[in-house]
Amino acid sequence: MESSSPLAGSHFCEDLGIELISYLDGKAIIALTVQPRMTNRFGMAHGGIVSTLADQAMGLAWRSAAPDRKPAGTINLNVNFIAPAKGRLRAEANVVKIAGRCAFCEGHIYGEDGSVISSMQGTFGIRSNNAG
């Protein structure tokens, strides 16, 4: 990851191979190619991988809308598993609203054929502008 990427310095994202595709104006798109080490006993992406992709995409979406604000963490993450996930996955997230110290986001994860793999919603804490 290049140093100007909002994923720079995230060893976890780097280890998983998460790629930044788009990050602008309250929207983010990231991708991940599922590796054998990321699968469950049925050969599909483990739910934790799908959830991580959802969390990361929504977190990036809100940060692209408010780059001057600092993250305080995920408050709530809801991932609806619609279909088995394998191959290359693409997560698209957008900000629904930023209100006070919370950002509300939503999105979908798509399979390599363009089908919806999961839907997602999340609430993210934001530190105040003067907090350290």
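The values are calculated or read from the model by the stated rules, or taken from the named source; none is laboratory data. Being a predicted model, the structure only gives us computed values, none of them experimental. No Cβ is skipped: glycine too gets one built from the backbone with ideal geometry, and neighbour counts run over all protein chains shown. Heads up: the accessible areas ignore ligands, DNA and RNA and are worked out on the full protein's heavy atoms, side chains in. Shrake-Rupley method; radii C 1.70, N 1.55, O 1.52, S 1.80 Å.
Table for the structure above
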item	result
Spread of Cα-to-Cα distances over 10 Å intervals beginning at zero, given as percent, for the chain	14, 45, 32, 9, 1
Accessible surface of H11 - all protein chains present, 1.4 Å probe, nearest 10 Å²	130
DSSP-loop chymotrypsin sites (Phe, Trp or Tyr not before Pro) across the range 1-106, with at most 11 other Cβ within 10 angstrom	F42
Area projected by the alpha carbon convex hull of the range 65-112, averaged over all directions, nm²	4.3
Estimated FRET transfer efficiency (R101, H46; beta-carbon r; R0 35 Å; 0.05)	0.65
Accessible area of D25 in the full protein assembly, 1.4 Å probe (Å², nearest 10)	120
Dipole magnitude (debye, nearest 20) for the chain, charges at Cβ of Lys, Arg, Asp, Glu	340
Dipole of the chain, positive end: most advanced residue of M38, S51, I18 [Cβ charges, Cα centre]	S51
Carbon/sulfur fraction of accessible area - the chain, other protein chains in place, 1.4 Å, %	50
Span from the the range 47-109 Cα centroid across to the the range 12-38 one, whole angstrom	11
Listed residue (N76, Q121, G111) projecting farthest to the positive dipole end of the chain, Cβ model	N76
Within a Gaussian network of the chain (alpha carbon springs, distance under 10 Å), most fluctuating of I109, I21, I29	I21
Å² per residue, accessible surface of the chain at 1.4 Å	54
